[in-house]
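What follows is one structure encoded as structure tokens, with my remarks underneath.
The values are calculated or read from the model by the stated rules, or taken from the named source; none is laboratory data. Everything quoted here is computed from the prediction, not taken from an experiment. Here the Cβ is made from the backbone with ideal geometry for all residues, glycine too, and neighbour counts use every protein chain on show. Keep in mind that these areas ignore ligands, DNA and RNA; they rest on the heavy atoms of the full protein, side chains included. Shrake-Rupley method; radii C 1.70, N 1.55, O 1.52, S 1.80 Å.
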Amino acid sequence: MEEELNKILNPLEVDNEIIPIEHLRYSGSSKKYVVWTMLPEEPGLIGNDECLCSVSQVDIDVYSVENYLNISNRIKEIMIQNNWIWTGDSEEMFEEDTKFYHRTSTFEKERII
């Protein structure tokens, strides 16, 4: 899944601007960036005492010092176009220490085993 996500999300262009996107941790200095994290994979369909498919989930966190909605909407477009299902967004957050707005979108995808 990591290879697939790197391929579909990079480069992330929003409003003619390339937004940095990293796996697990961002160490740059951009005022807008995205971090994605794989969540535990779970059985999705079981038949004849065997797991036939699994469900992979990913959290995609958007950080920005200004309005982040265009970034979030672009990520949703990309993920849905690549057969990921959007399952929801977190509440809107503001990180006091960094002064970044922050919101997490969660997506999932089934994988045949």
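If you filter the stretch 13-30 down to residues that are part of a loop (DSSP other than H, G, I, E, B) and out of contact with any Pro (no Cβ under 7 Å at 6 or more places or on another chain), you find that the one that is surrounded by the most Cβ atoms within 10 Å (Cβ to Cβ) is PRO20.
With a requirement of 3 or more residues that are open to solvent by 100 Å² or more (accessible area, probe 1.4 Å) and of a type in the set (Asp, Glu), none of the strands (runs of 3 or more DSSP E) lying completely within the stretch 60-113 satisfies it.
For the subset of the stretch 46-59 comprising residues that are of a type outside the set (Val, Ile, Thr), in contact with an Asp or Glu (Cβ under 8 Å, 6 or more places away or on another chain) and more than 18 Å from LEU24 (Cβ to Cβ), which member is surrounded by the fewest Cβ atoms within 10 Å (Cβ to Cβ)? Step by step, filter the stretch 46-59, then rank; the result is CYS53.
Yes/no per residue for (1) more than 15 Å from VAL34 (Cβ to Cβ); (2) under 10 Å from the mean Cα position of the chain (by Cα); (3) of a type in the set (Asp, Glu):
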| site | (1), (2), (3) |
| --- | --- |
| GLN57 | yes, yes, no |
| GLU66 | no, no, yes |
| SER72 | no, yes, no |
| MET79 | no, yes, no |
| ASN82 | yes, no, no |
| GLU96 | yes, no, yes |
| SER105 | no, yes, no |
| GLU110 | yes, no, yes |
